[in-house]
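Below: the structure, in structure tokens.
Computed from the coordinates by the stated procedures, all read-outs in this text should not be read as laboratory data. Being a predicted model, the structure only gives us computed values, none of them experimental. So basically every Cβ, Gly included, is an ideal-geometry build from the backbone, and we count neighbours across all protein chains shown.
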Amino acid sequence: MKIYNKYILPRFLDREMGSADFNQTRKAIAEQAKGTVLEIGFGSGYNIPFYNNVRKLFALEPSGELYAYAKNRIKSASFPVEYVSASAEEIPLPTASVDTVVSTWTLCSIPDLKRSLREVIRVLKPEGEFVFVEHGRSPKRLNSLAQSILTPISKHFTGNCHLDRQIDTYIREAGFDIQELIAMPEAGRPLMFSYRGVARKRVADIHKAMGVLIRDRKLLVTRSKDKIHFIGPGGKLEAGETAQEALIRELHEELQITVKTEDLEVFGSFSAAAAGNKSRIVTAQVFTVARWEGEIIPGNEIEEIRWIASEDAKSMTLGSIFADDVIPRLKEHDLID
Ligand SMILES: C[S@@+](CC[C@H](N)C(=O)[O-])C[C@H]1O[C@@H](n2cnc3c(N)ncnc32)[C@H](O)[C@@H]1O
């Protein structure tokens with residue numbers, strides 16, 4: 001399979017995606033991209049000739065072999081193209097730095113789509129747009145059933161392409177509002193149902209500060225009274241408070257420990273749909289807490305605390321920011337077991 005994915009699949013994708021049938025759609029998508037643009041799953045660069053309002057293009061593509069096919073198209077571009085050799089699950093670009101993210105027939109193949117879409121949200125500027133054309137689940141029962149039956153087999157030969165992803169739901173649940181959506185069957189291809197549109201990130205209306213406390217390579221999570229899920233210690237910012245001030249206050253209230261500002265280091269800022277109300281967005285500024293004073297004693301509002309390794313997280317109900325963003329990153333950086 002390794003040889004197939006390295007040598008045969010890139011050639012296959014380059015040929016398939018080069019079909020002139022796609023050009024009209026590519027043009028319509030690329031014309032909506034402006035300013036600093038990130039294309040995820042750049043492939044062999046077939047959108048390049050259609051960009052006309054781009055200042056700089058970040059071409060994110062995990063397959064170097066596929067990207068090699070893009071060389072000539074990149075040479076002919078009238079704007080700088082920077083290769084980003086990475087996966088969309090971890091985009092090495094700063095938060096709020098991109099005007100438009102483009103995805104053409106890529107979301108079907110990304111292994112961890114939820115995480116990637118949250119990364120897209122992170123790198124987009126507040127007014128930025130996500131412009132996409134994808135294929136996904138058909139609303140017709142029989143076609144959808146066929147998609148679900150075929151995908152587990154076909155994805156092994158098609159670079160992990162899933163026929164059955166409900167693309168619009170994934171995009172909304174990641175925290176986007178879809179501004180325009182055309183969802184329609186592809187002519188003559190019953191297993192391909194097309195989703196084309198523009199999405200903007202929903203404006204965060206809940207701002208939180210959260211802390212990462214690690215002891216013996218285990219992470220502290222807490223569960224409040226009457227709640228079923230565990231989250232990191234912390235809470236909502238009160239009027240006029242900075243995230244650091246809110247976290248220091250919350251750590252004192254929730255765990256009865258004292259933390260100084262200089263003990264907090266920025267870990268990242270993450271957004272997700274609020275648990276229990278997907279139309280609201282929570283943005284959490286997360287800080288690692290290098291040291292604290294006092295013994296950790298749960299305050300009145302805390303029912304339970306646990307020190308967990310990344311494996312434990314799989315069998316627990318956790319808030320999505322800790323489950324999907326914080327814990328995987330801590331594990332990748334070898335900070336917890
Ligand atoms: C069907 S091809 C589409 C290529 C290109 N977007 C186009 O329009 O021609 C799917 C693309 O998704 C890319 N891909 C797969 N997994 C990915 C990931 N985790 N992050 C970013 N791109 C990924 C593949 O390498 C490939 O370039």
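Give the percent of DSSP beta bridges with both residues in the chain that are antiparallel, rounded to the nearest 5.
Working: 41 of 68 bridges.
Antiparallel bridges: around 60 percent, rounded to the nearest 5.
Hey, what angle do you get for helix 113-123 against the long axis of the chain, alpha-carbon based, 0 to 90 degrees rounded to 10?
The answer is roughly 80 degrees.
Please build a GNM for the chain, connecting alpha carbons under 10 Å apart, and tell me which residue among Q179, Q285, Q24 fluctuates the most.
Q24
Is the shape of region 1-146 rounded, prolate or oblate, going by the alpha carbon gyration tensor and its root eigenvalues a ≥ b ≥ c, with a/c under 1.5 for rounded and a/b larger than b/c for prolate? Please list the in-between numbers first.
On the way: a/c = 1.35, a/b = 1.15, b/c = 1.17.
Verdict is rounded for region 1-146.
Where does the chain land at 222 nm, in deg cm²/dmol rounded to the nearest 500, when only DSSP H runs of n ≥ 4 count, each adding -39500 (n - 2.57), divided by all residues? Numbers along the way, then the final one.
Details: 10 runs with 82 residues, N = 337.
Using -39500 (n - 2.57) per qualifying helix, the result is -6500 deg cm²/dmol.
Could you work out the mean projected area of the convex hull around the alpha carbons of region 267-337, in square nanometres to one decimal? Display every interim value, and only then the final one.
Values: hull surface 23.9 nm².
Averaging across all directions leaves 6.0 nm² for the Cα convex hull.
Can you sort W105, W292 from fewest to most other Cβ atoms within 10 Å of each residue's own Cβ? Don't skip to the end; give the middle numbers.
Working: W105 22, W292 18.
Arranged by neighbour count, lowest to highest, W105, W292 become W292, W105.
Explain nothing, just compute: Karplus ³J(HN,Hα) = 6.51 cos²θ - 1.76 cosθ + 1.60, θ = phi - 60°, for every residue of region 330-337 in order, whole Hz, x for Gly and Pro.
4, 5, 4, 8, 6, 8, 10, 6
What list of ³J(HN,Hα) values in whole Hz, one per residue of region 11-28 in order, does the Karplus curve 6.51 cos²θ - 1.76 cosθ + 1.60 (θ = phi - 60°) give from phi, with Gly and Pro shown as x?
My calculation for region 11-28 gives 5, 4, 5, 4, 6, 4, 6, x, 4, 5, 4, 7, 4, 4, 5, 4, 4, 4 Hz in order.
Taking H placed 1.01 Å from N in the peptide plane, check which residues at least 5 places from E129 or on another chain put their amide H under 5 Å from its amide H.
Amide H neighbours of E129, under 5 Å, 5+ apart: T100, V101.
Over all directions, what mean area does the Cα convex hull of region 193-337 project, stated in square nanometres?
On the way: hull surface 42.1 nm².
Mean projected area of the Cα convex hull: 10.5 nm².
Determine ³J(HN,Hα), in whole Hz, for all residues of region 79-88 in sequence, where each value follows from phi through the Karplus function 6.51 cos²θ - 1.76 cosθ + 1.60 and θ = phi - 60°; x replaces Gly and Pro.
So the Karplus estimates, Gly and Pro as x, are 9, x, 10, 10, 6, 10, 7, 7, 9, 5 Hz.
Work out, step by step, the length gained on full extension between Q24 and R141: first 0.36 nm times the residue separation, then minus their alpha carbon distance; give nm to one decimal. It would help to have the intermediate numbers written out before the result.
Values: separation 117, 0.36 × 117 = 42.12 nm, distance 2.90 nm.
Here the answer is 39.2 nm.
What are the extents of the Cα atoms of the chain along their three principal axes, listed from largest to smallest and rounded to whole Å?
Result for the chain: principal-axis Cα extents of 66, 45, 39 Å.
Could you give the dipole magnitude of region 11-152 about its Cα centre, charging the beta-carbon of Lys and Arg +1 and that of Asp and Glu -1, in debye to the nearest 20?
Numbers: 18 positive and 16 negative charges, 47 e Å.
Approximately 220 debye in magnitude.
How large is log10 of I(q)/I(0) for region 131-198 at q = 0.14, 0.15, 0.19 Å⁻¹ when the intensity is taken from the Debye formula with one equal scatterer per alpha-carbon?
Calculated log10 I(q)/I(0) at the listed q: -0.42, -0.48, -0.74.
Between I214, I178, S194, whose Cα lies farthest towards the positive end of the dipole of region 148-219 when Lys and Arg beta carbons carry +1 and Asp and Glu beta carbons carry -1, centred on the Cα centre?
The residue sitting farthest along the positive end of the dipole is I214.
Would you give the gap between the C-alpha center of region 103-157 and the C-alpha center of region 47-78, rounded to a whole Å?
Their Cα centres are 21 Å away from one another.
Looking at this model, which pairs from K218/K260; K125/K314; K27/K75; K56/K114; K34/K71 are more than 24 angstrom apart at the alpha-carbon? Walk me through the numbers before you get to the answer.
Working: K218/K260 22 Å; K125/K314 32 Å; K27/K75 19 Å; K56/K114 26 Å; K34/K71 22 Å.
Correct reply: K125/K314; K56/K114.
At most 13 other C-beta atoms within 10 Å and a DSSP loop state: those are the exposed GluC sites (Glu not before Pro) I care about. Give me the longest piece of the chain that has none.
Details: sites that count: E31, E90, E238, E295.
My reading of the result: 91-237 is the longest stretch.
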